[in-house]
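**Q** Here it is, the structure, as structure tokens.
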Amino acid sequence: MTSKHGSQWKALLELSKQWSTQVLGLKLGRELVVVVYGEKNVRQVFSESEFDGRPNSFFYKLRCLGKRLGVTFVDGPLWREHRQFTVKHLKNVGFGKTSMELEIQNELKLLREYINDNKHKPIKVDSMFSSAVMNVLWKYVAGERIREDKLERLLELFYLRSKAFTLTGGLLSQIPWCRFIIPGLSGYKLIVDLNQQISEIIEEAIKKHLNKEVQQNDFIYSFLDEMNEENKASFTYDQLKTVCLDLIIAGSQTTGNAVKFALLSVLRNKNIQEKIFNEIENTIGDSMPCWADSSKLVYTSAFLLEVMRIHTIAPLAGPRRVLQDTVIDGYVIPKETTVLISLADIHLDPNLWPDPHEIKPERFIDEKGLSKSNEHIYPFGSGRRRCPGDSLARSFVFIIFVGILQKYRIDCVNGVLPSNEADIGLLAAPKPFVANFVSRE
Ligand code: HEM
């Protein structure tokens, strides 16, 4: 069904329509999985603590370097303590005059240099942003820019790792013991090797901090300080490694895809692109964009929200594990069920968003021309497990997008309009596309 509909999210949505249900139950191997649709049900999952768990099968441990540690794939007291710590550190990072904002602006300068060096040829937009996002995340976590050779290695390892998970996830998650019989074929050996290599890079960064070789205050130093406090038994070396990995995995592809969708959308909508350029020119002129400009660039900010609505980066949020028997929409959901939360179909629901497939930034602007909030949009989830990296992600997307449109007109190559259809796996990404970046000067 997934290959017929192009993605697991669409296949499941189709099934839910066939069965006319907003609570779709599936038996995958031994696992009971429920996909929840509709704003009322989704809000219930976001708000009730019975849904705060994360699955704890062997497969999810493999994602966290082999142990049930970190923030993303744990629950209970360990999650609460480390989520609180992470949220405290990520709150407002990127908003305001922080070192992270300067770092994003620095990446913008490098991106512009790259565009200028390639100005006479079409640029592959797909690979443009990976280094910029990874550098910003690494700076946040480990306090410094990552060395060029290590950056390339890390990007390659993450790419291989996500490919290995996509290829082998089904088999390894449903029949975990197959790793003993076919460690190579099942992908188990490859993932363990990749985990080991990523671990080594993070360990090296932690060692540099233990030797006080890094100048800047960063996440690793804050965590190490916490390890020296009393009653902080859960602040261990392995936990630090896994939280670093969690932040990089959760932040890199998601944020990069959001910028790519924004560029794709202006490439496909010339009028909107010109409106955004005029707003930038008339409001901030030639100055370096910063987060504070987002309140002045009302149309541009509304457009970026609209892109996040039409292209939901995490179409199925979760997975969650049900911590005690509960009921959704009249259906009994047993303890230990895995729950997936369908966000993308709320963002495309014609009852909430008239003409849902059309880009209309005006949805987020009131009659006085001021920004208007809308309670039906959830790109970062909601509730206790809401994304703690949203300030960093939104700041990155805003500064990089505005900084590129300020200097370049983005045109199709040979008049060919790239597809608006997303590649949807665990995350949604635009299909690889090329564009001409024509200097406005
Ligand atoms: C456009 C970019 C991003 C999008 C669309 C996004 C989306 C999401 C969503 C929907 C969730 C909630 C999952 C759930 O409800 O179960 C989430 C969780 C999470 N995100 Fe993000 N995210 C983005 C960027 C980032 C960044 C930059 C970071 C870190 C620097 C980050 C770190 C995390 C973590 C650690 C969690 C797990 C929270 C928990 O389980 O308590 N994300 N993200």
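The values are calculated or read from the model by the stated rules, or taken from the named source; none is laboratory data. Since the structure is predicted, the reported quantities are computational estimates derived from the model, not experimental observations. Positions of Cβ are backbone-derived with ideal geometry, glycine not excepted, and every protein chain shown enters the neighbour counts. SASA here: full protein model, heavy atoms, side chains in, ligands and nucleic acids out. Shrake-Rupley method; radii C 1.70, N 1.55, O 1.52, S 1.80 Å.
**Q** Just name the residue that is farthest from the ligand (Cβ to nearest atom) out of those in region 132-158 that are over 17 Å from the mean Cα position of the chain (by Cα) and within 20 Å of VAL87 (Cβ to Cβ).
**A** Filtering first and then ranking leaves GLY143.
**Q** Further, regarding this structure: Considering LYS296, LYS241, which residue is closer than 29 Å to ASN135 by Cβ and open to solvent by less than 60 Å² (accessible area, probe 1.4 Å)?
**A** On the way: LYS296 fails: open to solvent by less than 60 Å² (accessible area, probe 1.4 Å).
After ruling out the rest, the residue left standing is LYS241.
**Q** Could I ask something else about it? Out of ILE424, ILE400, which single residue is within 16 Å of the ligand (Cβ to nearest atom) and at pLDDT below 95?
**A** After ruling out the rest, the residue left standing is ILE424.
**Q** Scan (1) out of contact with any Ser or Thr (no Cβ under 8 Å at 6 or more places or on another chain); (2) surrounded by fewer than 17 Cβ atoms within 10 Å (Cβ to Cβ) for the single condition GLY383 breaks and write down its number.
**A** It is condition (1) that GLY383 fails.
**Q** Suppose the filter is open to solvent by 50 Å² or more (accessible area, probe 1.4 Å) and modelled with pLDDT of 95 or more; does HIS311 pass it?
**A** Judged against the criteria, HIS311 is not a match.
**Q** What single numbered condition from (1) at pLDDT 95 or above; (2) surrounded by 20 or more Cβ atoms within 10 Å (Cβ to Cβ) fails to hold for GLY70?
**A** Single failed check for GLY70: (1).
**Q** Quick one: ILE249 ticks every box in (1) more than 16 Å from the ligand (Cβ to nearest atom); (2) in contact (Cβ under 8 Å) with a residue 12 or more places away in the chain; (3) not acidic (Asp, Glu) bar one, so which box is it?
**A** Against the list (1) more than 16 Å from the ligand (Cβ to nearest atom); (2) in contact (Cβ under 8 Å) with a residue 12 or more places away in the chain; (3) not acidic (Asp, Glu), ILE249 comes up short only on (1).
**Q** Taking strands (runs of 3 or more DSSP E) that do not extend beyond region 262-373, which have at least 3 residues that are closer than 28 Å to SER7 by Cα?
**A** Counting at least 3 such residues, we get 316-321, 331-333, 338-342.
**Q** Please specify each residue of region 247-270 satisfying the condition of being closer than 21 Å to ASN436 by Cβ and of a type in the set (A, V, I, L, M, F, W, C). First the steps, then the outcome.
**A** Looking only at region 247-270, we keep the residues that are closer than 21 Å to ASN436 by Cβ, and these are 256, 259-270.
The answer is VAL259, PHE261, ALA262, LEU263, LEU264, VAL266, LEU267.
**Q** Here is a further query. Cβ-Cβ distance below 7 Å, separation of 6 or more or different chains: which pairs start in region 335-363 with a residue that is over 23 Å from LEU264 (Cβ atoms) and open to solvent by 40 Å² or more (accessible area, probe 1.4 Å) and end on one that is of a type in the set (Val, Ile, Thr) and not in a loop (DSSP other than H, G, I, E, B)?
**A** These pairs meet every condition: LEU352/ILE346.
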